[in-house]
1. Any idea which residue in segment 420-451 is farthest from V391 (Cα to Cα), counting only those that are more than 16 Å from the ligand (Cβ to nearest atom) and among the polar types (S, T, N, Q)?
2. When you scan segment 357-370, do you find a residue that is polar (S, T, N, Q), in contact with a Leu (Cβ under 9 Å, 6 or more places away or on another chain) and surrounded by fewer than 21 Cβ atoms within 10 Å (Cβ to Cβ), even just one?
3. Please work out which residue is nearest to the chain's Cα centre (by Cα), limiting yourself to segment 468-505 and to residues that are away from the ligand (no atom under 16 Å from the Cβ) and in a strand (DSSP E or B).
4. Name the single residue that is modelled with the highest pLDDT among those in segment 422-442 being closer than 20 Å to Y680 by Cα and among the small types (G, A, S).
5. Can you tell me which residues in segment 456-467 are more than 16 Å from the ligand (Cβ to nearest atom) and not β-branched (V, I, T)?
6. Anything in segment 543-573 that is of a type outside the set (V, I, T), in a helix (DSSP H, G or I) and touching a helix residue (DSSP H, G or I) at 6+ places or on another chain (Cβ under 9 Å)? List them, or say none.
7. Do you know which of the residues in segment 696-725 that are under 16 Å from I490 (Cβ atoms), of a type outside the set (A, V, I, L, M, F, W, C) and away from the ligand (no atom under 15 Å from the Cβ) is surrounded by the most Cβ atoms within 10 Å (Cβ to Cβ)?
Amino acid sequence: MAKNNLNTSTNTPGLDANRKKEIIGIIIMSIAVLLGLSIFSYNAGDYQYARSISFIDLFNPDANSRLVQNWLGPVGAYLSHYLVHSLFGYTSIILALIIGYHGWHTFRRRDFKDLGWLTVLSIWGMILLSTFIGWLTTNADFPDDSIWSGAAGIAIAQVLYNITNIGSIIILSVLMLVTMLMFVDRDLQKTIDSVKLWIENIQEKMEERRAARQLRKEEKAKEREKRLAEKRAAKAQKKSEKEEEEELKKQPISETKDEKEPVKPAPSIDELVEKSEEEDQKKREKEQSEVKTLDTRQRASLEKEEEIDDEEDDIEVSVYVGKGDEQADEKDLDKLNKEKAKEVPVIKYKFPTVDLLDPPPSEGNEVDLEEIKENKRIILDKLKRHKIEIVGINAIVGPTVTLYELEPAPDVKISKIESYSNDLKMATASKGLRMISPIPGKSAVGIEVPNTTRETVYIKQVLNTKKFVETDFVLPVAFGKTIENEVFMIDLTKMPHLLIAGATGSGKSVGINTIITCLLYKCHPDNLKFVMIDPKKIELSLYRNIQNHFLAMLPDSDEPIITDTSKAQDTLESLCKEMDERYDLLKMAMVRDIKSYNEKYKTGELDEELGHRHLPYIVVIIDELADLMMTAGKQIEEPIARLAQLARAIGIHLVVATQRPSVNVITGTIKANFPARIAYQVASKVDSRTILDQGGADQLIGMGDMLFNNGTGMIRIQNAFVSTEEVEKINSFIGQQAGYKEPFHLPIIKDDTSEIPDPLEDIDEYFEAAAKLVILHQQGSVSLLQRKLKIGYNRAGRIIDQLFNAGIVGPYQGSTARDVLIQDEDELQELLDNLDEYD
Ligand SMILES: Nc1ncnc2c1ncn2[C@@H]1O[C@H](COP(=O)(O)OP(=O)(O)OP(=O)(O)O)[C@@H](O)[C@H]1O
């Protein structure tokens, strides 16, 4: 539109906007050249002569103007005096270069977007350089009379020196270095990548050349052989003809001789070409079968939406949209959960109902065929320009991105397409463009281009699918939807720990809420406990409401959500102790994992007297590992690594998130023990590599766009969105129910170096009642206290320890209950009276 206006307003025929730009460009470049020449030919004495020239002198051929040596005469003398002498010395030449570059841009009608940054950086570089030289001139006897630095450079250097003394040269040097690096490239990673790419391209070209040379050599050799063979055949024929003649001469009446064995003719050029084509075909097939073996996952069933055929090119694009998983009936999950709750009579519990979740908007996202057509055109255009031929395109439309599967012509190297990913990114003007090369299982390259309008995946769409409702996973987590619109679900017991990273605002917290929500909708509080560590103090605070149902904590802690680093450390150590205890229990029960253990316990095969108990799964959520690592480092790293290494079989699973995926937060030890990793959008390729061991997460587009890597392959998922209101509703639904008397208690960590604790320190309020019970039953057993006092295993165990310390029961005796050392209540009273602190 603007262009049209411009054209109509210019009435001069032949001088359209573009031509004007070219003329202006040439004028600007000429000015730059003149300026450069005047600076280049600066002469210190010129200015005096130039000043003495009067107006009349300009018409006098013998006037002083003749004495001016500057190539641009008096005008040049003035210009160069101000620029070289008064301002920045010879470094002012940079000004001429900048002006010239602007002229060139105008002439080539290029975009000025990036030029602003370069101009500022160049001017800054000029001032810095002249100051640097000025410093050397004034402080290091640089052989110069300010021509190189100019008066301004010297003045700035002087001021800097007066302020920071010798520090000024260090400051200047560092600034110079940084400026130089910025000149090289604003994004150093990009530079390294492009240098790598460049080297790879050269290598590729050299290889191609070598192959071509080899081919030529082989062809020549074959030709030579062919010629030789022909010669030999001709010779042989001649010889045989001669022999025949001689024979005929010798036996003129004899019958015709036996037919001689024909000489094998040399292969023709056509045969050779055919043979080499066959060999190539075999090679290609072998390559393709190798690629196929990379496939790690099944493709979901896709529905073909449309076939777009453009008149401009003859390649049609087949558009596919995943069918999505079948939705369950609204009441299915609730019904199943009701049954499940009945099976666990320990407490009366109602699972959160599906209607607590917001219904997704009724209208789905339309597939934008125009957008697909446009992207296809851009991609093909770009590749065609680089002489890359594509023979087929599929577009798979996902909720956030569309995957274009490009099938290159047989002779095109897949790595060649990959090298143009930056070009394609610019051409499609997309924020994040990810390349998958090759697509596992296919000899095709994938290009993921973000959709202009993305579709939010709501948690209800994911939880209310048959896949989730009917799953028999123990700890099912349905993260969201894949590009094929499939619900992506894992069993945390199989994974078994998750490491999550993503820049701030990328959707980590929503992701953690999705994980917890999935588990709350599928697990009974008797089977699942959470340990929540939230140094940021806000994200997980909503879950305080469900502490008596689902949270596990240290008995002496008054905060169900751990926000303090030292408490976090204690809790992690306590979890290690719980892990060791669980291992002992599993060993005693002679089972290999928690599932078999709980089954055995349920059937009554395990004796409570020996400390056997039902073991709930424990999911430890750490939202912001960086905060903990910064303050406690090794003390936090060690228990996390231990748990991650060993806790899998005994039902303790870690979900650890951080917004700072640097190597001092995600250390080698932590990383090695978390094979399953999730990356939301991160700031750089380096961050992506820290979390996923490869790039890609830097190309994600935020708001729950994530990559999941379980060590065997990578998959892009749109995380399901669960709002804070939904989380609140679920929590208050559970929190309102009666639940257990207290949160699940983790074992107390005893300081090994300290003595046996004072028997009457932190005495339990049930101490006296417990003492009376064991005396009455003459049996010092934990399960007796658990049953009669309706308390948990840990607390009962602690009370037994206190009874032992007070001399009421005897020491631990393995499988049998402890002896009771007091005979009756009178004796007990006497003992209690003697314990003065207890009075
Ligand atoms: N799956 C999603 N679908 C749609 N929008 C989302 C999704 N996940 C996150 N968002 C949007 O992005 C915003 C930021 O998400 P979130 O708070 O989870 O980021 P974060 O990575 O936890 O950030 P921080 O580290 O600062 O807490 C949310 O308020 C929401 O609007």
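The values are calculated or read from the model by the stated rules, or taken from the named source; none is laboratory data. Predicted model only: the values in this text are computed from it and were never measured. Don't worry about glycine lacking a Cβ; one is built from the backbone with ideal geometry, like all the others, and counts go over all protein chains shown.
1. Step by step, filter segment 420-451, then rank; the result is S430.
2. Going through segment 357-370, the residues polar (S, T, N, Q) turn out to be 362, 365.
Add one more test, that the residue is in contact with a Leu (Cβ under 9 Å, 6 or more places away or on another chain), and what stays is none.
No; the residues of segment 357-370 include none that is polar (S, T, N, Q), in contact with a Leu (Cβ under 9 Å, 6 or more places away or on another chain) and surrounded by fewer than 21 Cβ atoms within 10 Å (Cβ to Cβ).
3. Only one residue tops the list, namely I490.
4. Taking the candidates together, the pick is G432.
5. Once the filter is applied, which keeps residues that are more than 16 Å from the ligand (Cβ to nearest atom) and not β-branched (V, I, T), segment 456-467 yields N464, K466, K467.
6. First pass over segment 543-573, keeping only residues of a type outside the set (V, I, T): 543-545, 547-560, 564, 566-570, 572-573.
From what is left, the residues that are in a helix (DSSP H, G or I) are 543-545, 547-550, 566-570, 572-573.
Those that are of a type outside the set (V, I, T), in a helix (DSSP H, G or I) and touching a helix residue (DSSP H, G or I) at 6+ places or on another chain (Cβ under 9 Å): Y543, R544, N545, Q547, N548, H549, F550, S566, A568, Q569, L572, E573.
7. Within segment 696-725, the subset under 16 Å from I490 (Cβ atoms) is 706-720.
After this cut, where a residue has to be of a type outside the set (A, V, I, L, M, F, W, C) as well, the list is 709-713, 716, 718-719.
Checking the rest, the ones that are also away from the ligand (no atom under 15 Å from the Cβ) come to 709-713.
Values: N709: 20, N710: 16, G711: 10, T712: 9, G713: 12.
Here the residue is N709.
Conditions (1) modelled with pLDDT under 85; (2) within 14 Å of I39 (Cβ to Cβ), marked per residue:
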{"position": "Q69", "(1), (2)": "no, yes"}
{"position": "Y90", "(1), (2)": "no, yes"}
{"position": "I93", "(1), (2)": "no, yes"}
{"position": "Y101", "(1), (2)": "no, no"}
{"position": "R108", "(1), (2)": "yes, no"}
{"position": "G116", "(1), (2)": "yes, no"}
